[in-house]
Amino acid sequence: MFKIEIENAQNEILTLTQNEDAYQVLSVSGIDQPKANINTTKLAAMDGAMFNSAYLNMRNIVIMVRINGDVENNRLELYRFCRSKENCRFYFENGSRNAYADGYVESVECPLFTNSEVMQISIMCPFPYFKSVQESLFDISDAYGAFSFPFTINDPIPFSIYAANRQTDVINRSESETGAIITITALDSFGKVKISNATTGDTFTLTYPFLKDDKIIIDTYKGQKSVYLHRGGARVNLFMYIAAGSTFFELRIGKNQFSYQIDDGDSDDAAEITIAFAQLYRGL
């Protein structure tokens with residue numbers, strides 16, 4: 001059993017499956033792994049070729065839908081969600097995965113003068129991966145247990161302690177490296193924050209007079225890298241305050257070990273840091 005939905009540019013969602021009074025999905029192509037381009041160089045006196053690079057092509061999702069019931073109205077309703085050249089979001093859910101792909105409607109073809117109208121919808125997705133609907137979220141600070149025995153009345157007994165351990169294993173179960181959204185919430189004033197990925201050796205440092213309740217959003221996804229400060233309803237671009245040598249993190253497949261320092265370790269309790277990202281899938 002699977003579920004398919006289309007979201008249009010106005011953020012309205014239409015369910016195409018389990019809706020056979022209006023629509024019947026006949027087939028869907030383009031949800032398996034996209035084709036890769038392998039670039040090589042042929043060298044003289046060498047068997048085969050030398051590998052140079054490889055990349056995935058755009059994803060082309062094609063949906064075939066039979067229109068049932070009030071055919072004319074249902075066809076026009078489907079037009080409203082699939083308009084040529086406009087962006088849309090394709091959702092697919094089955095027993096294993098719940099994911100989506102963003103794309104643009106390339107074509108919508110529907111012969112009108114037939115006994116059974118079947119519409120073909122072609123969606124081109126520049127980013128070839130599917131993204132999980134549910135994001136993974138990791139917090140660098142957490143609580144740990146601290147039970148003490150034997151029991152004594154004179155001294156208080158901590159049953160748990162909230163501790164900034166400032167280090168966490170971020171697990172990327174994607175089928176590719178991926179960027180992330182790093183959110184820093186200021187609990188007090190500070191002037192410098194440094195985040196490190198011990199797995200890759202990369203660091204990212206910001207120097208700025210941060211105030212309590214500031215929120216810093218770092219976007220490390222390819223094609224949309226940015227750093228913004230949100231303060232009192234205003235948004236400030238902090239790109240020029242990134243320290244030299246900083247790297248916009250990419251999460252490797254598997255375990256990534258993150259840590260951080262505030263004001264070179266003197267004020268590490270002055271911020272909370274979370275890392276959020278969608279799992280990437282090559283196919284469903």
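The values are calculated or read from the model by the stated rules, or taken from the named source; none is laboratory data. Note that the structure is a prediction, hence the values are computed from the model and not measured. All Cβ positions, even for glycine, are placed from backbone atoms using ideal geometry, and neighbour counts span all protein chains on display. These accessible areas exclude ligands, DNA and RNA; they are computed on the full protein's heavy atoms, side chains included. Shrake-Rupley method; radii C 1.70, N 1.55, O 1.52, S 1.80 Å.
Convex hull over the Cα atoms of the range 1-80, averaged projected area in nm²?
8.4 nm²
Given a Förster distance of 25 angstrom, what is the FRET efficiency for Arg231 paired with Thr200, based on the Cβ-Cβ distance and rounded to 0.05?
Details: r = 30 Å, r/R0 = 1.22.
It comes to 0.25.
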In whole percent, how big is the carbon plus sulfur part of the accessible area of the chain, probe 1.4 Å, protein atoms only?
50 percent
Hey, which of these cross-link pairs are over 32 Å Cα-Cα: Lys35/Lys215; Lys3/Lys35; Lys42/Lys225; Lys35/Lys85; Lys131/Lys215?
Lys35/Lys215; Lys42/Lys225
Theoretical gain in end-to-end length, Phe239 to Glu72 [0.36 nm per residue, Cα-Cα removed]
55.0 nm
The answer for Val170, listing residues at least 5 apart or on another chain whose modeled amide H is closer than 5 Å to its amide H, is Asn256, Gln257, Phe258
Name the residues whose placed amide hydrogens come within less than 5 Å of the amide hydrogen of Tyr23, ignoring near sequence neighbours (fewer than 5 apart) on the same chain.
Asn68
Full extension between Asn57 and Ser246 adds, at 0.36 nm per residue less the Cα distance, a length in nm of 65.1 nm
Trypsin sites (Lys or Arg not before Pro) restricted to DSSP loop in the range 1-76 with at most 13 other C-beta within 10 Å:
Lys35, Lys42
Hz values of 3J(HN,Hα) by residue in the range 190-202 - Karplus curve (6.51, -1.76, 1.60), Gly and Pro given as x
7, x, 8, 9, 10, 10, 10, 10, 5, 5, 9, x, 7
Kindly write out, for the range 96-105 in residue order, the coupling ³J(HN,Hα) from the Karplus curve 6.51 cos²θ - 1.76 cosθ + 1.60 (θ = phi - 60°), rounded to whole Hz, with x marking Gly and Pro.
10, 9, 10, 9, 9, 9, 9, x, 10, 6
Accessible area (Å², per residue) of the chain, counting only protein heavy atoms and a probe of 1.4 Å:
56 Å²
Just to be sure I understand: with springs between alpha-carbon atoms less than 10 Å apart, which residue in Gly232, Gly223, Gly48 has the highest mean-square fluctuation in the Gaussian network model of the chain?
Gly48
For the range 242-262 and the range 95-140, distance of Cα centres in Å
32 Å
May I ask you to list the residues of the range 14-56 whose amide nitrogen lies under 19 Å from a point 7 Å from Cα along the Cα→beta-carbon direction of Asn87?
14
Round to the nearest 10 and give me the degree value, 0 to 90, for the angle of helix 71-81's Cα axis relative to the longest principal axis of the chain.
30 degrees
Between Asn73, Val28, Tyr228, whose Cα lies farthest towards the positive end of the dipole of the chain when Lys and Arg beta carbons carry +1 and Asp and Glu beta carbons carry -1, centred on the Cα centre?
Val28
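Excluding Asp102 itself, what net charge comes from residues whose Cβ is under 11 Å from its Cβ, given Lys and Arg +1 and Asp and Glu -1? It would help to have the intermediate numbers written out before the result.
Numbers: positive: Arg59, Arg89, Lys131; negative: Glu7.
Result for the local shell: +2.
With +1 assigned to the C-beta of every Lys and Arg and -1 to the C-beta of every Asp and Glu, and no other charges, what is the dipole magnitude of the chain about the Cα centre in debye, to the nearest 20?
Numbers: 25 positive and 35 negative charges, 161 e Å.
It comes to approximately 780 debye.
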If only Cα atoms are counted, what is the Rg of the chain, and what is its Dmax, in Å?
25.2, 89
